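**Student:** Supplied in structure tokens, the structure appears directly below.
Values quoted throughout were computed directly from the atomic coordinates according to the rules given, and no laboratory measurement underlies them. Every value quoted in this text rests on a predicted model; they were computed, and no experiment measured them. Please note: Cβ atoms are built from the backbone with ideal geometry, for glycine as well, and neighbour counts cover all protein chains shown.
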Amino acid sequence: MSTSNPAPIENGVGDDARGTTYFFSRGRSSASLWQRISLFVSIYWKSLIVVLTPLILLPIPILNAGSENARAYKCMYVVLIMAMYWVLELLPLPVTSMLPIVLFPTLGILDSDKTCAAYMKETNMMFMGGLMIAAGVQHSKLPKRVALWTVQVVGCSHRRLNFGLTFVTMFISMWVSNAAATTMMVPIVEAILEVLEQQGLGDVYVNKKKNALPENGKDVKPDNRNTDEEAAMPSDITICYYLSIAYASTLGGCGTLVGTATNSAFKGIFDSEFPEISGSVNFFWFMAYSTPPMLLMQLLVWLSLQVTFMGLFRPKSEAAKNVNKASSGSFTTMKVIKEQYRNLGPITFHEKASGFLFILAVFLYIFRKPGFMPGWADVITTMKVKDGVTSMFIVVLMFILPMSMDFIKFFSASASYEELAASKPSSGVVTWGILKEKIPWGLLFLLGGGFALAEGSKATGLSSMIGSSLNGLHGLHPALVLLVVVLVTQFITEFTSNVAIANLILPVLANMARTLDMDPRYLMVPATLACSMAFHMPVGTPPNAIVAGVAHIPTSKMAVGGIGPKIITTLIVWGAYPTWGSLIFKAEDIIGLQTSTDTAPITNLTLSCNATTASLSMTPNFNCSSTANIVKGAFNCSYSPFKS
């Protein structure tokens with residue numbers, strides 16, 4: 001009896017099993033209504049309690065609204081909400097801790113200044129809240145979608161493409177930190193330049209040894225010898241793109257109070273130095289003043305870089321020839337950009353929610369107290385409400401609103417039971433981990449240190465001493481004084497942190513304005529913008545440092561490219577306030593300073609012989625006795641000077 005040999009086994013698989021596909025059935029049972037509800041509650045119970053707790057406790061402040069202890073019951077309402085959130089950890093503990101910033105002023109319990117003082121200065125709260133909002137929006141990839149869409153609309157010739165990227169960056173940087181805006185746009189610029197190089201339409205770098213192409217499927221390793229001679233040298237077109245992004249980020253940050261830390265530092269120091277007129281500079285009026293100069297500076301800076309690096313108005317130059325050659329491949333570049341846009345897929349709920357919260361934040365910032373009409377803060381409470389409230393309100397909403405709408409399937413009869421122990425609760429539009437990663441928390445200490453210096457200088461008389469030393473400028477025209485301030489500020493900011501310069505120079509300018517009897521905004525607002533205008537050195541601003549490192553831009557090239565932007569921004573920052581600014585910031589706004597009771601009157605003045613009490617009574621700074629008290633042809637008179 002013979003037996004057949006078994007088939008050989010290779011890799012543990014016999015011939016009988018080869019080519020066979022096995023399917024294992026997986027049962028699906030329809031989920032009943034009760035199962036859907038119970039699973040939904042078991043998964044989303046924290047979100048439900050977050051929403052229901054304020055509603056269930058709402059009768060506490062409503063039923064006691066007419067009692068003499070109404071504010072106490074409102075405070076009890078907030079305490080109970082926070083106790084529930086804290087004990088059950090319904091939101092990250094730091095987020096729950098932000099609730100008084102929103103609820104205390106809006107419910108009339110405590111105003112913004114006193115509430116935020118328990119945490120930090122209200123200006124710090126506004127700035128950090130703005131950074132958190134920006135981090136949440138950036139996390140959703142919405143800014144990249146907007147940038148790629150805009151490029152498709154503008155077109156892909158070099159000049160139009162550079163123009164579109166520049167103005168998109170500027171707009172994003174009005175709401176996002178300038179470093180974040182630069183970081184987001186750099187990969188887009190890299191992709192565009194690489195496509196042009198692959199099509200033979202321009203070189204990213206002018207030296208080929210550093211960027212040798214692979215041979216025979218093997219990567220070419222760069223020769224480490226003579227590294228100084230073979231260092232990557234970007235082409236003029238490359239430099240133009242990267243510097244445009246960096247400068248647009250800087251200029252865009254000037255547009256709003258949350259756009260850059262220097263603006264926030266100004267707001268904090270101004271409010272501290274002149275609390276009686278702090279309302280004369282708010283989010284709306286600062287934006288109304290700074291946006292037109294920002295747009296004009298951006299347009300002229302773009303033109304300046306086009307002239308310097310892309311041969312604009314020099315059609316026979318080598319730069320212009322390279323630009324025209326590369327622009328002939330705009331169709332290929334557009335295909336790549338459209339492909340990147342398609343790869344993003346359909347717009348997600350995460351992006352929609354982020355965009356909605358962003359627009360809501362802008363609306364609340366602008367219409368909190370617009371000046372030309374009652375703001376929403378005037379309607380809901382008599383307490384002082386500032387922009388820090390808006391920032392924290394949007395941040396809290398970002399943790400409450402879900403990133404996706406997955407929970408809707410719990411209300412669908414077609415959802416199976418198994419599909420619903422597999423569901424997990426959707427995270428918020430932003431998470432605490434994202435904020436910890438993306439927020440430069442050290443800025444809190446930087447801003448706080450600046451405010452401490454301002455307070456210390458004022459308390460010890462240092463700013464007064466420095467301001468008084470400038471008495472020699474008293475007879476000069478205010479425009480000339482402003483020019484000196486702008487030039488000195490722009491020179492210093494090239495070599496050190498713009499926030500540090502703002503923190504050092506603004507308290508001095510505040511006292512200088514007192515010494516010269518000037519509107520403090522006349523000097524402080526232009527100086528704040530000048531603090532950001534660093535274009536020559538990589539260390540001048542974070543955007544400069546980022547693009548210089550990514551594109552290997554030599555300091556000499558950046559110094560040359562910054563000449564035009566420096567001249568343009570100096571002239572516009574200097575000329576904007578005496579012209580456009582006089583329409584936005586009116587002289588009557590500082591009456592609170594001139595009538596301040598903080599300054600002791602100057603007595604026993606010697607007046608000219610033709611001075612009469614009738615003539616002096618028309619001047620609010622003088623307080624003179626009646627003619628009945630005339631002694632030897634003179635009368636007593638006190639003069640209240642500008643606040644000192």
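**Student:** Ignoring solvent entirely, what values of log10 I(q)/I(0) come out of the Debye formula for the stretch 290-409 at 0.10, 0.12, 0.20 Å⁻¹ when each Cα is a single scatterer?
**Tutor:** -0.68, -0.83, -1.11
**Student:** Kirkwood Rh and Cα-based Rg: tell me the resulting Rg over Rh for the stretch 382-443, rounded to two decimals.
**Tutor:** Across the stretch 382-443, the Cα-based Rg/Rh ratio is 1.19.
**Student:** Rank by packing, highest mean first: peptides 232-240, 352-360, 430-438, with packing defined as the count of other Cβ atoms within 10 Å averaged across residues.
**Tutor:** Peptide ranking by packing, descending: 232-240, 352-360, 430-438.
**Student:** Sticking with this structure for a sec: Note down, for the stretch 33-78, the three equivalent ellipsoid semi-axes (square root of 5 times each alpha carbon gyration tensor eigenvalue), biggest first, whole angstrom.
**Tutor:** Taking √(5λ) for each Cα gyration eigenvalue gives 34, 9, 4 Å.
**Student:** Please give the FRET efficiency for GLU419 paired with GLU68, using the beta carbon to beta carbon distance and R0 = 45 Å, rounded to the nearest 0.05.
**Tutor:** After rounding to 0.05, the efficiency reads 0.20.
**Student:** Counting only pairs 8 or more places apart or on different chains, how many lysine pairs in the stretch 287-411 have C-alpha atoms closer than 25 Å?
**Tutor:** The number of close lysine pairs in the stretch 287-411 is 8.
**Student:** In debye, nearest 20, what is the charge dipole magnitude of the stretch 66-121 about its Cα centre with +1 on Lys and Arg Cβ and -1 on Asp and Glu Cβ, if you could check?
**Tutor:** 60 debye
**Student:** At a Förster distance of 35 Å, what's the computed FRET efficiency of ALA191 paired with LYS436, Cβ-Cβ distance as r, to 0.05?
**Tutor:** 0.75
**Student:** Any idea how far apart LYS409 and GLU339 come out in nm if each label point goes 7 Å out from Cα toward Cβ?
**Tutor:** According to this spin-label approximation, the distance is 3.3 nm.
**Student:** Taking H placed 1.01 Å from N in the peptide plane, check which residues at least 5 places from TYR205 or on another chain put their amide H under 5 Å from its amide H.
**Tutor:** SER235
**Student:** Order of 511-523, 373-385, 393-405, 251-263 by packing, highest average Cβ count within 10 Å first?
**Tutor:** Descending packing order for the listed peptides: 251-263, 511-523, 393-405, 373-385.
**Student:** Would you mind classifying the stretch 277-347 by shape? Square roots of the alpha carbon gyration tensor eigenvalues, ordered a ≥ b ≥ c; an a/c under 1.5 is rounded, otherwise it is prolate if a/b is larger than b/c and oblate if not.
**Tutor:** Judged from the Cα gyration tensor, the stretch 277-347 comes out oblate (a/c at least 1.5, b/c at or above a/b).
**Student:** Taking a virtual spin label 7 Å from the Cα of ARG160 along the C-beta vector, which residues in the stretch 231-275 bring their backbone nitrogen under 19 Å of it?
**Tutor:** Of the residues in the stretch 231-275, 241 have backbone N under 19 Å from the label point off ARG160.
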